[in-house]
Structures are given as structure tokens and as C-alpha cells.
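Here is the structure we will look at.
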Amino acid sequence: KGRPTKLQLAFEGLTGWVQGQVREGMGLRTPRGVVELCVTLFAFILICNWLAQLPGHALGVFPPTADVNLVYPMMLIVIIWVNVAGIRAQGAKAYFGHMAKPYAALAPIEFVTLYFSRPVSLALRLWGNVFAGGLMISLIALMPVYILWAPTAAWKLFELFIGLLQALIFTLLTIIYFSEAVGSDEGAHH
């Protein structure tokens with residue numbers, strides 16, 4: 001009612017940005033729920049990453065995205081949804097048939113890329129960077145108390161930026177994967 005809060009403005013800005021990215025990549029053929037999935041992924045990953053700013057690294061408490069038991073299921077959701085959207089948009093024959101183009105002998109390489117390399121790199125990129133950030137905080141915590149504040153403050157600011165960047169990368173890659181699976185209105189199927 002009336003004036004939106006700063007949180008509402010931030011969320012509307014995020015939603016508008018995702019809608020723009022999805023529209024640019026897929027045109028009017030956007031599968032149902034893609035914008036919502038991407039907004040949710042971005043917000044969830046960002047919050048998980050920024051949980052690293054809470055005290056607890058010295059106790060071995062890391063953000064949720066520093067655990068493969070979270071990032072692999074997120075990756076599976078994305079990859080399954082991308083394939084379902086691709087099959088719905090192009091039909092199963094056309095969707096899986098693109099793997100044999102331009103040469104049928106390349107189909108196994110395309111299969112490994114689409115169903116192993118991409119998903120694993122999507123998950124491990126997020127996990128590795130967040131986990132490494134947590135380890136750095138733990139190592140910085142071992143410094144003498146009289147100089148501990150300087151590197152900790154600098155690293156925390158850097159970690160905030162990296163958390164934002166990782167959420168952005170995961171979301172953009174998700175949008176790119178959907179764009180490639182569905183194609184654009186101009187007929188650019190991959």
C-alpha cells in the first residue's frame with residue numbers, strides 16, 4: 001500500500017532484471033516458471049552466500065552453498081527443468097536430434113557436455129568458490145589478534161561481492177541453458 005519498502009524495490013528490480021535477461025535470450029517463447037525459478041535461485045543463493053558474514057567460520061560453520069549436498073540438487077532441478085522445457089518447445093525428436101548435428105559421430109561428446117560437464121561445472125563453480133571463501137576466513141582467523149581486524153574486514157567485503165557474483169553467474173547460466181534448450185523466436189535452435 002502506498003510506498004514500497006527498500007526490500008520490495010530490490011526484489012522488483014531483481015525480477016525486472018531476470019525478466020529482461022530471459023526475454024533477451026528466449027524472446028516470447030519463455031517456458032512457464034523460468035523467471036520465477038531464476039529469481040528464486042538468485043535470491044536463495046545470495047542469501048546463502050551472505051550467511052557467511054555471520055560469525056561462525058572459526059567454529060567450522062560455512063554457508064549452505066559451501067556444501068555439495070545443496071548445490072547438486074539445485075543443479076539437478078535446473079538441468080531437469082531445462083530438458084523438460086526443451087522437449088516441450090521443440091519436441092523430443094528435434095530436441096535430442098540436435099546432438100547429431102553437424103555429424104552423428106559428435107553426439108556422444110554433445111551428450112557428455114550437456115548431461116555431465118555443464119551440470120557438474122554449474123554446481124562445482126558455486127560450491128568451490130563459496131567453500132574457498134569460508135576456508136580463507138578460517139585461515140585469517142588464525143592471525144594474531146592485533147592485526148586480525150584488517151584482513152577480516154577486507155575479506156568480508158570481498159566475500160560479499162563474490163557471493164553476489166556467484167548468485168549472478170548461477171542465474172545467468174541457468175538462463176543461458178534455458179535459452180539454448182528452447183531457442184529464440186527468430187528460430188535460432190542450438
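Observations on the model:
- Counting only residues that are open to solvent by 30 Å² or more (accessible area, probe 1.4 Å), without any contact (Cβ under 8 Å) to a residue 12 or more places away in the chain and either in a helix (DSSP H, G or I) or within 20 Å of residue 45 (Cβ to Cβ) (or both), the stretch 125-147 holds 6 of them.
- Qualifying residue in the stretch 68-91 (condition: surrounded by 15 or more Cβ atoms within 10 Å (Cβ to Cβ) and over 21 Å from residue 34 (Cα atoms)): yes
- Scanning the stretch 111-154 for residues that are in contact with a Phe, Trp or Tyr (Cβ under 6 Å, 6 or more places away or on another chain) and modelled with pLDDT of 80 or more yields a total of 2.
- Considering residues of the stretch 153-182 that are aromatic (Phe, Trp, Tyr) and closer than 14 Å to residue 129 by Cα only, the residue most open to solvent (accessible area, probe 1.4 Å): 161
- The condition of being without any contact (Cβ under 8 Å) to a residue 12 or more places away in the chain, within 30 Å of residue 50 (Cβ to Cβ) and open to solvent by 30 Å² or more (accessible area, probe 1.4 Å) holds for only one of 100, 150, that being 150.
- Some residue of the stretch 9-20 being closer than 30 Å to residue 153 by Cβ and in contact (Cβ under 8 Å) with a residue 40 or more places away in the chain: no
- Residues being open to solvent by less than 50 Å² (accessible area, probe 1.4 Å), in contact with a helix residue (DSSP H, G or I) (Cβ under 7 Å, 6 or more places away or on another chain) and of a type outside the set (A, V, I, L, M, F, W, C) - total across the stretch 110-124: 1
- As a summary of the residue check, residue 28 satisfies the conditions (1) over 30 Å from residue 156 (Cβ atoms); (2) open to solvent by 40 Å² or more (accessible area, probe 1.4 Å); (3) at pLDDT 85 or above except for the one numbered (3).
- Residue match in the stretch 33-55 (condition: closer than 21 Å to residue 140 by Cβ, surrounded by fewer than 21 Cβ atoms within 10 Å (Cβ to Cβ) and modelled with pLDDT of 85 or more): yes
- Residues (β-branched (Val, Ile, Thr) and under 17 Å from residue 41 (Cα atoms)) located in the stretch 148-180: 162, 169, 171, 174, 175, 176
- Filter result (under 15 Å from residue 180 (Cβ atoms) and surrounded by 12 or more Cβ atoms within 10 Å (Cβ to Cβ)) within the stretch 6-25: 21, 22, 25
The values are calculated or read from the model by the stated rules, or taken from the named source; none is laboratory data. Treat the numbers as computed from the prediction; the structure is a model and nothing was measured. Glycine gets a Cβ as well: all are built from the backbone with ideal geometry, and neighbour counts include every protein chain shown. Note: areas computed on protein heavy atoms with side chains; ligands, DNA, RNA excluded. Shrake-Rupley method; radii C 1.70, N 1.55, O 1.52, S 1.80 Å.
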